[in-house]
Amino acid sequence: MDNHGFRLLVLITSPKLADKASKLYSELSIPVHYRLGGRGTATSEMLDILGIGSSQTSLLLSFLPTDSAEALLYRLNTELRFRIPGNGLAFILPISGANNIILKLLEESTSLALDTPPRKEESSMSELKHVLIIAIAAPGYSEDVMTAAKAVGARGGTILHSRCISDEQKLSLWGLTLQEEKELILIVANTETKLPIMQAISERCGIHSEARGLVLSLPIDTVVGLSE
(Lines give C-alpha, C1' and ligand atoms only; values in the text may rest on other atoms or scores of the structure.)
Protein backbone atom coordinates (compact mmCIF):
# COMPACT_ATOMS: atom_id res chain seq x y z
CA MET A 1 0.00 0.00 0.00
CA ASP A 2 1.30 3.48 -0.87
CA ASN A 3 1.79 5.39 2.38
CA HIS A 4 2.16 8.60 0.39
CA GLY A 5 -1.61 8.38 -0.16
CA PHE A 6 -2.28 9.34 3.46
CA ARG A 7 -1.92 12.58 5.37
CA LEU A 8 -2.00 13.99 8.91
CA LEU A 9 -4.31 17.00 9.17
CA VAL A 10 -3.45 19.34 12.05
CA LEU A 11 -5.98 21.91 13.29
CA ILE A 12 -4.92 24.59 15.80
CA THR A 13 -7.76 26.72 17.08
CA SER A 14 -9.60 27.93 20.17
CA PRO A 15 -11.30 25.37 22.44
CA LYS A 16 -14.72 26.69 21.37
CA LEU A 17 -14.05 26.22 17.65
CA ALA A 18 -12.38 22.89 18.39
CA ASP A 19 -15.72 21.75 19.82
CA LYS A 20 -17.36 22.72 16.53
CA ALA A 21 -14.68 20.90 14.54
CA SER A 22 -15.03 17.79 16.72
CA LYS A 23 -18.73 17.74 15.99
CA LEU A 24 -17.99 17.99 12.26
CA TYR A 25 -15.49 15.13 12.53
CA SER A 26 -18.13 12.97 14.20
CA GLU A 27 -20.72 13.83 11.55
CA LEU A 28 -18.25 12.87 8.81
CA SER A 29 -17.21 9.70 10.68
CA ILE A 30 -13.51 10.56 10.64
CA PRO A 31 -12.05 7.20 11.77
CA VAL A 32 -8.86 8.25 13.60
CA HIS A 33 -8.50 11.60 15.31
CA TYR A 34 -7.16 13.00 18.56
CA ARG A 35 -7.61 16.22 20.53
CA LEU A 36 -4.89 17.83 22.62
CA GLY A 37 -4.81 20.95 24.78
CA GLY A 38 -2.05 23.53 24.60
CA ARG A 39 -1.28 27.19 25.02
CA GLY A 40 -0.05 29.84 22.65
CA THR A 41 3.22 31.74 23.05
CA ALA A 42 2.58 34.80 20.90
CA THR A 43 1.71 38.33 21.98
CA SER A 44 -1.86 39.52 21.34
CA GLU A 45 -0.75 41.18 18.09
CA MET A 46 0.99 38.02 16.89
CA LEU A 47 -1.97 35.86 17.92
CA ASP A 48 -4.09 37.98 15.57
CA ILE A 49 -1.58 37.53 12.75
CA LEU A 50 -1.47 33.79 13.30
CA GLY A 51 -5.23 33.54 13.48
CA ILE A 52 -5.32 32.32 17.07
CA GLY A 53 -7.20 34.73 19.27
CA SER A 54 -6.64 33.07 22.63
CA SER A 55 -3.60 31.87 24.55
CA GLN A 56 -5.52 28.66 25.24
CA THR A 57 -5.51 26.44 22.17
CA SER A 58 -6.72 23.03 21.08
CA LEU A 59 -5.07 20.76 18.54
CA LEU A 60 -7.00 18.22 16.55
CA LEU A 61 -4.97 15.56 14.74
CA SER A 62 -6.68 13.41 12.12
CA PHE A 63 -5.33 10.74 9.76
CA LEU A 64 -6.96 10.55 6.34
CA PRO A 65 -6.43 9.57 2.70
CA THR A 66 -4.87 12.51 0.84
CA ASP A 67 -8.01 13.51 -1.10
CA SER A 68 -10.15 13.36 2.03
CA ALA A 69 -7.60 15.34 4.05
CA GLU A 70 -7.54 18.11 1.44
CA ALA A 71 -11.33 18.18 1.28
CA LEU A 72 -11.62 18.34 5.07
CA LEU A 73 -9.03 21.13 5.14
CA TYR A 74 -11.16 23.31 2.87
CA ARG A 75 -14.32 22.33 4.73
CA LEU A 76 -12.71 23.53 7.97
CA ASN A 77 -11.55 26.69 6.22
CA THR A 78 -15.16 27.43 5.27
CA GLU A 79 -16.98 26.38 8.45
CA LEU A 80 -14.46 27.76 10.97
CA ARG A 81 -13.92 30.91 8.84
CA PHE A 82 -10.14 31.00 9.09
CA ARG A 83 -10.08 34.28 7.17
CA ILE A 84 -11.26 35.97 10.37
CA PRO A 85 -8.31 36.74 12.73
CA GLY A 86 -8.59 34.66 15.88
CA ASN A 87 -10.18 31.57 14.34
CA GLY A 88 -7.06 29.44 13.87
CA LEU A 89 -5.25 27.57 11.13
CA ALA A 90 -4.97 24.06 9.72
CA PHE A 91 -2.38 22.27 7.63
CA ILE A 92 -1.53 18.87 6.14
CA LEU A 93 1.60 16.81 6.75
CA PRO A 94 2.65 13.76 4.69
CA ILE A 95 2.73 10.35 6.38
CA SER A 96 5.69 8.19 5.39
CA GLY A 97 4.60 5.09 7.27
CA ALA A 98 1.88 3.66 9.50
CA ASN A 99 0.53 0.45 10.96
CA ASN A 100 -1.22 -1.67 8.29
CA ILE A 101 -4.42 -1.83 10.35
CA ILE A 102 -4.57 1.96 10.50
CA LEU A 103 -3.89 2.26 6.77
CA LYS A 104 -6.69 -0.21 6.00
CA LEU A 105 -9.08 1.74 8.23
CA LEU A 106 -8.16 5.00 6.52
CA GLU A 107 -8.52 3.48 3.08
CA GLU A 108 -12.06 2.37 3.90
CA SER A 109 -13.04 5.71 5.45
CA THR A 110 -15.55 8.07 3.88
CA SER A 111 -14.38 9.91 0.76
CA LEU A 112 -14.77 13.56 1.69
CA ALA A 113 -13.23 14.73 -1.58
CA LEU A 114 -16.35 13.69 -3.51
CA ASP A 115 -18.58 15.80 -1.26
CA THR A 116 -16.53 18.96 -0.78
CA PRO A 117 -14.12 19.65 -3.65
CA PRO A 118 -11.74 22.62 -3.14
CA ARG A 119 -12.95 25.87 -4.67
CA LYS A 120 -10.94 27.04 -7.66
CA GLU A 121 -10.07 30.40 -6.13
CA GLU A 122 -8.45 28.67 -3.16
CA SER A 123 -6.25 26.35 -5.21
CA SER A 124 -3.30 28.70 -4.84
CA MET A 125 -3.13 27.76 -1.15
CA SER A 126 -1.45 24.50 -2.11
CA GLU A 127 1.44 26.51 -3.57
CA LEU A 128 2.34 28.05 -0.21
CA LYS A 129 5.60 26.71 1.18
CA HIS A 130 5.64 26.26 4.93
CA VAL A 131 7.17 23.88 7.43
CA LEU A 132 6.25 22.71 10.90
CA ILE A 133 9.16 23.17 13.29
CA ILE A 134 8.99 21.00 16.40
CA ALA A 135 11.21 21.91 19.33
CA ILE A 136 11.40 19.59 22.35
CA ALA A 137 12.77 21.07 25.56
CA ALA A 138 12.80 20.62 29.32
CA PRO A 139 9.90 22.14 31.27
CA GLY A 140 10.20 25.88 31.76
CA TYR A 141 12.30 26.55 28.66
CA SER A 142 9.54 27.06 26.10
CA GLU A 143 9.77 30.84 26.45
CA ASP A 144 13.52 30.68 25.80
CA VAL A 145 12.83 28.61 22.69
CA MET A 146 10.31 31.17 21.44
CA THR A 147 12.55 34.12 22.27
CA ALA A 148 15.28 32.62 20.11
CA ALA A 149 12.82 31.75 17.33
CA LYS A 150 11.10 35.16 17.27
CA ALA A 151 14.45 36.94 17.03
CA VAL A 152 14.92 35.45 13.56
CA GLY A 153 11.39 35.67 12.21
CA ALA A 154 9.04 33.25 13.99
CA ARG A 155 5.62 34.74 14.74
CA GLY A 156 4.44 32.45 17.51
CA GLY A 157 3.99 28.88 18.55
CA THR A 158 1.92 26.40 20.52
CA ILE A 159 3.18 24.56 23.61
CA LEU A 160 2.21 21.00 24.48
CA HIS A 161 3.25 19.09 27.59
CA SER A 162 4.52 15.55 27.12
CA ARG A 163 6.59 12.74 28.57
CA CYS A 164 9.84 11.48 27.07
CA ILE A 165 10.19 7.70 26.71
CA SER A 166 13.78 6.87 25.80
CA ASP A 167 16.60 4.38 26.20
CA GLU A 168 18.74 6.11 28.82
CA GLN A 169 21.58 3.62 28.39
CA LYS A 170 21.96 4.38 24.69
CA LEU A 171 21.65 8.11 25.26
CA SER A 172 24.40 8.00 27.89
CA LEU A 173 26.81 6.68 25.25
CA TRP A 174 26.41 10.06 23.53
CA GLY A 175 26.78 11.95 26.78
CA LEU A 176 23.08 12.88 26.76
CA THR A 177 20.41 12.81 29.44
CA LEU A 178 16.75 13.61 28.91
CA GLN A 179 14.19 14.54 31.56
CA GLU A 180 11.00 12.52 31.47
CA GLU A 181 8.73 15.58 31.39
CA LYS A 182 9.14 17.65 28.21
CA GLU A 183 7.51 20.58 26.44
CA LEU A 184 6.82 20.49 22.71
CA ILE A 185 6.80 23.81 20.90
CA LEU A 186 5.13 23.79 17.48
CA ILE A 187 5.99 26.61 15.08
CA VAL A 188 4.59 27.05 11.56
CA ALA A 189 7.13 28.99 9.50
CA ASN A 190 8.03 29.90 5.93
CA THR A 191 10.65 27.67 4.37
CA GLU A 192 12.91 30.73 4.03
CA THR A 193 13.02 31.18 7.80
CA LYS A 194 13.23 27.48 8.70
CA LEU A 195 17.02 27.21 8.93
CA PRO A 196 17.59 30.47 10.88
CA ILE A 197 14.86 29.51 13.37
CA MET A 198 16.19 25.99 13.87
CA GLN A 199 19.76 27.27 14.25
CA ALA A 200 18.71 29.93 16.76
CA ILE A 201 16.82 27.37 18.87
CA SER A 202 19.74 24.92 18.75
CA GLU A 203 22.25 27.59 19.78
CA ARG A 204 20.21 28.83 22.73
CA CYS A 205 18.36 25.68 23.83
CA GLY A 206 20.31 22.80 22.29
CA ILE A 207 20.85 19.31 23.68
CA HIS A 208 23.95 20.36 25.63
CA SER A 209 22.23 23.34 27.25
CA GLU A 210 20.11 23.26 30.39
CA ALA A 211 17.05 23.11 28.15
CA ARG A 212 18.25 19.77 26.70
CA GLY A 213 16.49 20.77 23.48
CA LEU A 214 15.97 18.95 20.21
CA VAL A 215 14.58 20.55 17.05
CA LEU A 216 13.28 19.09 13.79
CA SER A 217 11.04 20.15 10.91
CA LEU A 218 8.39 18.56 8.71
CA PRO A 219 7.14 19.76 5.31
CA ILE A 220 3.58 21.09 5.11
CA ASP A 221 1.62 20.14 2.00
CA THR A 222 -1.14 22.71 2.33
CA VAL A 223 -2.04 25.38 4.88
CA VAL A 224 -5.14 27.52 5.41
CA GLY A 225 -5.71 30.33 7.90
CA LEU A 226 -2.13 31.61 8.04
CA SER A 227 -1.84 35.32 7.21
CA GLU A 228 1.29 36.45 5.38
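The values are calculated or read from the model by the stated rules, or taken from the named source; none is laboratory data. If you're wondering where the values come from, they're calculated on a predicted model, not measured in any experiment. Because the Cβ atoms are built from the backbone with ideal geometry, glycine has one as well, and the counts that use them run over all protein chains shown.
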Log entry, pairs with first residue in the range 198-217 being over 13 Å from residue 144 (Cβ atoms) and assigned by TED's automatic domain parsing to the domain that holds residue 148, second being part of a loop (DSSP other than H, G, I, E, B) and at pLDDT below 90, beta carbons closer than 8 Å, six or more apart or on different chains, reads 207/176; 207/213; 214/207
Working only within the range 68-85, note down all residues that are buried (at least 18 other Cβ atoms within 10 Å of the Cβ) and in a loop (DSSP other than H, G, I, E, B).
-> 80, 82
The range 20-34, subset within 18 Å of the chain's Cα centre (by Cα) and not in a loop (DSSP other than H, G, I, E, B), residue farthest from residue 72 (Cα to Cα) | 34
Does residue 160 qualify as being assigned by TED's automatic domain parsing to the domain that holds residue 182, among the hydrophobic types (A, V, I, L, M, F, W, C), modelled with pLDDT under 90 and closer than 20 Å to residue 225 by Cβ?
-> yes
So which residues in the range 207-228 are small (Gly, Ala, Ser) and surrounded by fewer than 16 Cβ atoms within 10 Å (Cβ to Cβ), if there are any at all?
-> 209, 227
Looking at (1) touching a helix residue (DSSP H, G or I) at 6+ places or on another chain (Cβ under 9 Å); (2) of a type in the set (D, E, K, R); (3) at pLDDT 90 or above; (4) under 26 Å from residue 58 (Cβ atoms), find the lone condition where residue 155 falls short.
-> (3)
